[in-house]
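Working notes for the structure below.
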Amino acid sequence: MSDDVFCRIISGELPCRKIYEDEHTLVFLDAADDVDGHTLVIPKKHVKNILDCDKETLAHVIETVQKVAKHYVDDCGWGGVDVMNANEPCAGQTVFHLHFHLVPRKADDGLPSFPKYTGTKLSKDELWQSLKMV
Ligand code: 5GP
């Protein structure tokens, strides 16, 4: 066990508003009062983020992301769900235990779905050449 805040929630040392739990994953409301229904899905196994996550753990987490998203839409009256995940500080990760953010959505709720980006610095071809894997 690491001593990050999510490991301390998993161990019961810190409280959470639990939404769902199974053998491999835990789901609870985010502490921030930033948007209605902000939810976190985490693995019980400590991994930092998707860059060091083994395939089995990632599969468990994504399965739970889908389960909770379907529950919010099928059973709780929401119209859709945004799913977000940050990896490493430069990408905005602040808690270093893998987590996916779920934000339940309704039509015309006025929320942004993605950050408002400001335009590219490099050409599409430069980016393609530096990023492609095939
Ligand atoms: P990140 O910035 O790493 O993508 O997201 C970390 C999230 O964890 C933030 O949205 C933050 O509000 C949430 N968070 C941090 N500490 C706690 C805590 O003790 N309890 C809960 N429920 N959420 C937390």
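The values are calculated or read from the model by the stated rules, or taken from the named source; none is laboratory data. Not measured: the values here are computed from a predicted model. Ideal geometry is used to build each Cβ from the backbone, glycine not excepted, and the neighbour counts take in all protein chains shown. Calculation scope for accessible area: heavy atoms of the full protein, side chains included, ligands and nucleic acids excluded. Shrake-Rupley method; radii C 1.70, N 1.55, O 1.52, S 1.80 Å.
One table, with the values for the structure above:
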{"quantity": "Theoretical ellipticity at 222 nm over the chain - DSSP helices of four or more residues, -39500 (n - 2.57) apiece, nearest 500", "calculated": "-7500 deg cm²/dmol"}
{"quantity": "For the chain, accessible area per residue (1.4 Å probe, heavy atoms of protein chains only), Å²", "calculated": "68 Å²"}
{"quantity": "For region 81-88, 3J(HN,Hα) per residue [Karplus equation, 6.51 cos²θ - 1.76 cosθ + 1.60, θ = phi - 60°, Hz, x = Gly/Pro]", "calculated": "9, 8, 10, 9, 7, 10, 10, 5"}
{"quantity": "Of all accessible heavy-atom area on the chain, the percent that carbon and sulfur account for (1.4 Å)", "calculated": "55 percent"}
{"quantity": "Which of Val61, Val95, Val83 is most accessible, then next, and so on - probe 1.4 Å", "calculated": "Val83, Val95, Val61"}
{"quantity": "Rounded to 10°, Cα long-axis angle of helix 55-74 versus longest principal axis of the chain", "calculated": "80 degrees"}
{"quantity": "Global form of region 34-75, assessed from the alpha-carbon gyration tensor, a/c cut-off 1.5", "calculated": "oblate"}
{"quantity": "Prolate/oblate/rounded label for the chain (Cα gyration tensor, a/c 1.5)", "calculated": "oblate"}
{"quantity": "Hits among lysines - C-alpha to C-alpha of Lys121 under 16 Å, sequence gap 8 or more where chains match", "calculated": "none"}
{"quantity": "Proximal charge balance of Lys106 [Cβ under 12 Å; K/R count +1, D/E count -1]", "calculated": "-3"}
{"quantity": "Residue range of the chain that is longest and free of GluC sites (Glu not before Pro) which are both DSSP loop and sparsely packed (at most 11 other C-beta within 10 Å)", "calculated": "24-134"}
{"quantity": "Solvent-accessible area of Thr120 with every protein chain in place, 1.4 Å probe, in Å² to the nearest 10", "calculated": "110 Å²"}
{"quantity": "Largest to smallest accessible area among Met133, Met84 [probe 1.4 Å]", "calculated": "Met133, Met84"}
{"quantity": "Amide H contacts of Asp82 (H built 1.01 Å from N, under 5 Å, at least 5 apart or other chain)", "calculated": "Val103, Arg105"}
{"quantity": "Contact order normalised by residue count of the chain, Cα under 8 Å, 6+ apart, percent", "calculated": "23 percent"}
{"quantity": "12 Å beta-carbon shell around Val5, net charge (K/R +1, D/E -1)", "calculated": "-3"}
{"quantity": "For region 38-105: relative contact order, % (alpha-carbon pairs under 8 angstrom, 6 or more apart)", "calculated": "48 percent"}
{"quantity": "Exposure rank, largest accessible area first [Trp78, Trp128; 1.4 Å]", "calculated": "Trp128, Trp78"}
{"quantity": "Leu14 accessible area, 1.4 Å probe, all protein chains in place, Å² to nearest 10", "calculated": "50 Å²"}
